[in-house]
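Worksheet for the structure shown next.
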Amino acid sequence: MAKLYFRYGAMGSSKTANAIMVQYNYVERGQKVLMLKPMLDNRDGARTVLSRCGLSTECVFMEEIDTVDVKQYDCVIVDEAQFLTKAQVEKLVEIVDVMNVPVIAYGLRTDFQGNFFEGSLWLMAWADTIEEIKTICWCGKKAICNARVHNGKVIKEGDQILLGGNSQYVSLCRKHWTTGDVGTFEDLNLGD
């Protein structure tokens, strides 16, 4: 019986790398995988999913799901699932419950203000299995918060969605997110 999985983690927890490795495992066993991402995520090219460690694969936009015969696939994997709408998460539920195709969605749980993204909210509500992919804060504790950083300072105001990576976000434990303590510049290891 197929399930809807939501695998979430803070920024830098290797969610995308994990998604690509799971795709590889299916393909290595002769199975077909449909890799999806929301059209909003165009940082790495229109139809590319790219991890920070350099793994990449081609994908289809979630917005095009109705043009794909999902029943021909053994698994559906969704990257950046936090950017999904409620209706798109409902479509994933339909793929699992009606088409009997497992769906594994990867994404952030919350934004830089500690609020749910729409996609994450509905995945948390409807997923059969919810799994955390862990990463650590600069202090060594488990990081659960995504801090938006500007000029070395944590900012907590602005639009919910601002696409970026190491140059704009850092994962922090709740204590350091609350206090806005990003450690030293060397601790951040921010890219250019």
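The values are calculated or read from the model by the stated rules, or taken from the named source; none is laboratory data. Keep in mind that this is a model prediction, so the values were computed, not measured. Glycine also receives a Cβ, built like all others from the backbone with ideal geometry; neighbour counts cover every protein chain displayed. Side chains are part of the model used for accessible areas, which takes the heavy atoms of the whole protein and leaves out ligands, DNA and RNA. Shrake-Rupley method; radii C 1.70, N 1.55, O 1.52, S 1.80 Å.
With the structure loaded, tell me whether V78 is at pLDDT below 90 and β-branched (V, I, T) or whether it fails that test. For V78, the condition - at pLDDT below 90 and β-branched (V, I, T) - is not met. Scanning region 135-151 turns up no residue that is at pLDDT 95 or above, polar (S, T, N, Q), surrounded by fewer than 19 Cβ atoms within 10 Å (Cβ to Cβ) and closer than 23 Å to I20 by Cα. Select from region 83-106 the residues that are acidic (D, E) and either open to solvent by less than 10 Å² (accessible area, probe 1.4 Å) or closer than 21 Å to K32 by Cα (or both) and list them in ascending order. Matches in region 83-106: E94, D97. Scanning region 152-179 for residues that are modelled with pLDDT of 90 or more and either surrounded by 12 or more Cβ atoms within 10 Å (Cβ to Cβ) or closer than 12 Å to Q113 by Cα (or both) turns up S171, L172, C173, R174, K175, H176, W177, T178. The residue that is farthest from L92 (Cα to Cα), among those in region 20-49 that are of a type in the set (S, T, Y) and modelled with pLDDT of 75 or more, is Y24.
For G114, state whether it is modelled with pLDDT under 95, out of contact with any Lys or Arg (no Cβ under 7 Å at 6 or more places or on another chain), open to solvent by 30 Å² or more (accessible area, probe 1.4 Å) and small (G, A, S).
It is true that G114 is modelled with pLDDT under 95, out of contact with any Lys or Arg (no Cβ under 7 Å at 6 or more places or on another chain), open to solvent by 30 Å² or more (accessible area, probe 1.4 Å) and small (G, A, S).
Screening G119 with (1) open to solvent by 10 Å² or more (accessible area, probe 1.4 Å); (2) of a type in the set (G, A, S); (3) at pLDDT 95 or above gives one miss only, at (1).
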